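Asker: There's a structure below that I have some questions on.
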Amino acid sequence: MLLVEKPFAGVAVVTLNRPEAMNALSKALRAALRQAMLELDADPEVRVIVLTGAGDRAFTAGLDLKELSTDPLGMGAANATDPSENPARAVLASRKPVIGAINGVAITGGFEVALACDVLICSTNARFADTHARVGITPGWGLSQKLSRALGPYRAKELSLTGNFLDAAKAYDWGLINRVVEPGELMAEALKLAREMADIDGDMLVTYKAMIDDGYALAMGDGLELEHERSVAHNAEVTPEMVAARRSAVQARGRSQ
C-alpha cells in the first residue's frame with residue numbers, strides 16, 4: 001500500500017503503492033502516508049523526501065471513490081483538516097523538502113497532493129486535472145487557493161471550471177512544474193535533485209524552506225520583515241570560521257557545474 005525506501009544517505013522515497021486502483025487515496029493509505037511522513041520528519045538521517053506513485057498510469061487519482069460510495073461518512077475526508085485524513089496536509093507538515101516525482105495522472109485530490117510538494121519533476125506521462133466541479137464537490141485540501149497562486153487566477157479558473165487535463169509539457173510552459181523527463185528517467189532525475197539537496201546541512205534545509213513558505217503566505221512587506229527577523233537570528237550564530245570551512249566546497253562545486 002505504501003513503500004518507504006532509503007536508496008542512499010539523506011534521501012527517502014515514499015511510493016503510493018496501489019497501482020491497480022490508480023494509487024487512489026483510501027482511508028488506510030491516507031493514514032499510512034501521514035505516519036510515514038511523521039517518521040521521516042523525525043529521522044535525523046533523512047534530509048529530503050521523494051514522493052511518487054507506483055506504475056506509470058497514476059501518481060494518484062485522488063480519493064478512493066469506490067470506498068467512499070460504501071461509506072456514508074467518507075465524504076468528510078474531502079474537508080478533513082487532520083493530516084491522517086488529509087494527505088495534502090500530511091505532505092505540507094513535513095519540515096523537510098518533498099520532491100514530487102509525478103509519474104502519471106494527478107487528479108483532483110491527487111492534484112492537491114502534488115501541489116503540496118516543494119518541487120515537481122514530471123514524466124511525460126504526467127497529467128493534472130481538477131474535476132471537483134464536474135463531480136459536484138468543492139475542494140477542501142487547498143487546490144482553490146494553491147493553484148491560483150501557482151498559475152495566476154486566469155489559468156487556474158480555466159482548469160478548475162472546465163475539469164480539462166493539463167499535460168506535462170503545458171504544465172511546464174505555464175510554470176507549474178520544474179521539469180519534464182521521459183518516464184524511464186523520472187526517478188533518476190528526482191533522486192539526482194534529492195541528492196543535491198541532501199548535500200546541504202539538514203537544519204539549513206528546514207530553516208530555509210520554512211522561511212520561503214512562511215513568507216510566501218504573507219504580503220511582500222510582511223514577508224521581508226519575516227526574512228529580516230529570522231535572518232538576523234540565524235546569522236548571529238554563524239562564525240567566520242564556519243563560512244571559511246564551507247567556502248572551498250562551494251567554489252569547487254561552482255567550477256564543476
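The numbers here are math on the coordinates, done by the rules we state, and not lab data. Note that the structure is a prediction, hence the values are computed from the model and not measured. Virtual Cβ from ideal backbone geometry, glycine too; neighbours counted across all protein chains shown.
Asker: Cβ neighbours within 10 Å, averaged per peptide: list 79-87, 35-43, 102-110, 1-9 in order, most packed at the top.
Answerer: Most protected by this proxy first, the peptides run 102-110, 79-87, 35-43, 1-9.
Asker: Looking at the range 1-153 only, what percent of DSSP beta bridges run antiparallel? Nearest 5 please.
Answerer: Restricted to the range 1-153, the bridges split so that about 20 percent are antiparallel.
Asker: By the scheme Lys and Arg +1, Asp and Glu -1, what is the net charge of all other residues having a beta-carbon under 15 Å from that of residue 45?
Answerer: Here the count lands on -2.
Asker: Continuing with this model, one more query. List the relative contact order of the chain as a percent without decimals, with contacts defined as Cα pairs under 8 Å and 6+ residues apart.
Answerer: Working: 446 pairs, mean separation 41.8, N = 257.
Computed value for the chain: 16 percent relative contact order.
Asker: Still on this structure: Which value at 222 nm does the chain reach when only helices count, each DSSP H run of 4 or more adding -39,500 (n - 2.57), with the total divided by all residues and rounded to the nearest 500 deg cm²/dmol?
Answerer: Result for the chain, helices only: -14000 deg cm²/dmol.
Asker: Then there's this: What shape does the range 2-198 take by its C-alpha gyration tensor, where a ≥ b ≥ c are the square roots of the eigenvalues and a/c under 1.5 counts as rounded, a/b above b/c as prolate, and the rest as oblate? It would help to have the intermediate numbers written out before the result.
Answerer: On the way: a/c = 1.61, a/b = 1.17, b/c = 1.38.
It is oblate, given that a/c is not under 1.5 and a/b is not larger than b/c.
Asker: Just name one of 151, 200, 29: the one whose Cα is farthest towards the positive end of the charge dipole of the chain (beta-carbon charges, Lys/Arg +1, Asp/Glu -1).
Answerer: The residue sitting most towards the positive pole is 151.
Asker: Sort 129-136, 229-236 by the packing proxy (mean of other Cβ within 10 Å over each peptide's residues), most packed first.
Answerer: Most protected by this proxy first, the peptides run 129-136, 229-236.
Asker: Keeping to pairs on different chains or 8 or more places apart, tell me how many lysine pairs in the range 2-198 have Cα atoms under 27 Å apart.
Answerer: 14
Asker: Given the options 13, 114, 172, identify the residue whose Cα lies farthest towards the positive end of the charge dipole of the chain (+1 on Cβ of Lys, Arg; -1 on Cβ of Asp, Glu).
Answerer: Checking the options against the dipole of the chain, the answer is 172.
Asker: Now for a separate question. Suppose we keep just the DSSP beta bridges with both residues in the chain; what percent of those would be antiparallel, to 5?
Answerer: Looking only at bridges with both residues in the chain, the antiparallel portion is about 25 percent.
Asker: Then there is this: By Kyte-Doolittle mean hydropathy of at least 0.5 and Cα axial length of at least 15 Å, which whole DSSP H helices of the chain are selected? If you can, show how the numbers build up before the last one.
Answerer: Working: long enough: 27-42 (23 Å, 0.17); 186-198 (18 Å, 0.54); 202-216 (21 Å, -0.03); 220-235 (22 Å, -0.91); 240-256 (24 Å, -0.65).
Long hydrophobic helices here: 186-198.
Asker: A follow-up question, please. Show me the ranking of peptides 238-249, 15-26 by mean Cβ neighbours inside 10 Å, starting with the highest. The partial results should precede the final answer.
Answerer: Details: 238-249: 9.3, 15-26: 21.0.
Going by the mean number of other Cβ atoms within 10 Å, highest first, we get 15-26, 238-249.
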